[in-house]
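Visitor: Next up is a structure, given as structure tokens.
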Amino acid sequence: MSNKLSPIINPDELLKLNEAKEFVLIDARAGINAEENYRNEHLKNARYVDLNRDLATAASDPANGGRHPLPSVEKFSEVLSKLGISPSSHIIIYDDKNGSNAAARFWWMLRAIGHEKVQVLNGGIQAAIKIGFPLNSEIEHFEPTQNYPISKWKLSRANIDEVEKTRNNDQNIVIDVRDKNRFDGLTEPLDLIAGHIPGAINVPFSENLNEDGYYKSAEELKQKYSEIIGNKNPENVIVHCGSGVTACHTLLAMDYAGIAIPKLYVGSWSEWSRNDREMATKEIK
């Protein structure tokens, strides 16, 4: 029996853990007014992390790294210190989109520095509220820690040139997790051009969830991704989205399923579509 901590924690498990309070709870909601929403109401004792400020570096030119490039490990160490996180911390992260906002991105970043004791809340803040987890609208007080020692990003990443080399190789697979309309080039709400990387396959991240908005069982996800990946080496599998955030939802689902975490293409479509690379697009009617 594996002693590995599940990357997914259910609301009832969180509620039980809350009695001991031996964990760091993180609110990773993103989007317009996210921080204001946090200040107005959040899960009690939660600390806020900002996608653009804390989990990415400023993208002066999305053509170089996409809309949400990773920060330096030195900057990330400072962020963890500010949040009161140390190497021994048990971290539980939630957002309001069941991980597809920034919760899964923060999870991936922590795993990428070697931090194993981190989980994402199944169902997000809505599920916690539904089960009766206490809320707070007051300022949360906590002590920062010494800078978290980080040497490098340890999980595998792919850059734009590697994607170019592998996208039509039978030994490799490039997975785009955006919804089908964006993949097909029928709509594009965030980037300049609609379409996808030729050779990539579309496996929308929403397929990781059941009709109630919770992650499907580990068994279901294992069957799904085992059929997609086959016997390919995880190093030959590249996952991307629009800007390297939502892709982490699928990486989390794979880890939950017991599948080795493949490579993340952080730049994703936001970088690819701003460079002189081949693109598959359709005329929008």
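Visitor: How far is it, in nm, from the label point at residue 139 to the one at residue 276 when both lie 7 Å from their Cα along the line to the Cβ?
Guide: Those two pseudo-labels are separated by 5.3 nm.
Visitor: Summing +1 for each Lys or Arg and -1 for each Asp or Glu, what net charge is found among the other residues whose Cβ lies under 13 Å from the Cβ of residue 256?
Guide: That works out to +2.
Visitor: Go ahead and collect, in residue order, the members of the range 226-256 whose backbone nitrogen is under 17 Å from a label point 7 Å along the Cα-Cβ direction of residue 165.
Guide: Of the residues in the range 226-256, 233-239 have backbone N under 17 Å from the label point off residue 165.
Visitor: May I ask you to work out the translational diffusion coefficient for the range 183-233 at 10 °C, viscosity 1.306 mPa s, via Stokes-Einstein with Rh from the Kirkwood sum over Cα pairs, reported in whole µm²/s?
Guide: Details: Rh = 13.2 Å.
Rounded to a whole number, D works out at 120 µm²/s.
Visitor: Related question: Within the chain, what percent of beta bridges assigned by DSSP are antiparallel, to the nearest 5?
Guide: Details: 4 of 24 bridges.
Just about 15 percent of them are antiparallel.
Visitor: If you don't mind, there's one more thing I want to ask. Remind me, what semi-axes does the range 160-272 give for its equivalent ellipsoid, largest first in whole Å, using sqrt of 5 times each Cα gyration tensor eigenvalue? Intermediate results must be reported in sequence, preceding the final value.
Guide: Numbers: eigenvalues 91, 64, 24 Å².
Working through the eigenvalues yields semi-axes of 21, 18, 11 Å.
Visitor: If you wrap a convex hull around the C-alpha atoms of the range 74-151 and split its volume per residue, what is the figure in Å³?
Guide: Per-residue hull volume (Cα only) is 103 Å³.
Visitor: What's the center-to-center distance, using Cα atoms, between the range 165-199 and the range 34-48 in Å?
Guide: Cα centroid of the range 165-199 versus Cα centroid of the range 34-48: 34 Å apart.
Visitor: If only Cα atoms are counted, what is the Rg of the range 6-47, and what is its Dmax, in Å?
Guide: 11.8, 33
Visitor: Over all pairs of distinct alpha carbons, what does the Kirkwood formula give as the hydrodynamic radius of the chain, in Å? If you can, show how the numbers build up before the last one.
Guide: Numbers: mean 1/r = 0.0518 Å⁻¹.
One decimal place: 19.3 Å for the Kirkwood radius.
Visitor: To continue, here is another question. At q = 0.12, 0.18, 0.19 Å⁻¹, what log₁₀ I(q)/I(0) does a Debye calculation on the Cα points of the range 8-136 give, no solvent, two decimals?
Guide: So the normalised log intensities are -0.43, -0.96, -1.06.
Visitor: Next question, about the same structure. Take every Cα pair under 8 Å in the range 103-182 that's 6+ residues apart, average their separations, divide by the length, and report that relative contact order as a whole percent. Intermediate values should be presented prior to the final figure.
Guide: Working: 27 pairs, mean separation 23.4, N = 80.
The normalised contact order for the range 103-182 reaches 29 percent.
Visitor: Whole number please: convex hull volume per residue, Cα atoms of the range 115-189, in Å³.
Guide: Normalising the Cα hull of the range 115-189 by residue number yields 257 Å³.
Visitor: Name the residue farthest towards the positive end of the dipole of the chain from the options 5, 42, 68, assuming +1 on Cβ of Lys and Arg, -1 on Cβ of Asp and Glu, about the Cα centre.
Guide: Going by the charge dipole, the pick is 5.
Visitor: Counting only C-alpha contacts under 8 Å and six or more residues apart, can you give the relative contact order of the range 32-123 as a whole percent?
Guide: Relative contact order here is 20 percent.
Visitor: Here is a follow-up. Restricting to Cα pairs below 8 Å that are 6+ residues apart, what does the relative contact order work out to for the chain? Please round to a whole percent.
Guide: In percent, rounded to a whole number, it is 23.
Visitor: Under 5 Å between amide hydrogens, which residues at least 5 positions from residue 239 or on another chain qualify, with H placed 1.01 Å from N in the peptide plane?
Guide: Under 5 Å from the amide H of residue 239 lie the amide H atoms of 175, 263, 264, 265, each far enough along the sequence or on another chain.
Visitor: Same structure, new question: Pairs 4/152; 117/165; 16/117; 97/222; 165/263; 75/165: which are spaced more than 26 Å apart, C-alpha to C-alpha?
Guide: 117/165; 75/165
Bear in mind that the values in this text are calculations on the coordinates, not laboratory data. These numbers come from a predicted model, not from an experiment. Glycine also receives a Cβ, built like all others from the backbone with ideal geometry; neighbour counts cover every protein chain displayed.
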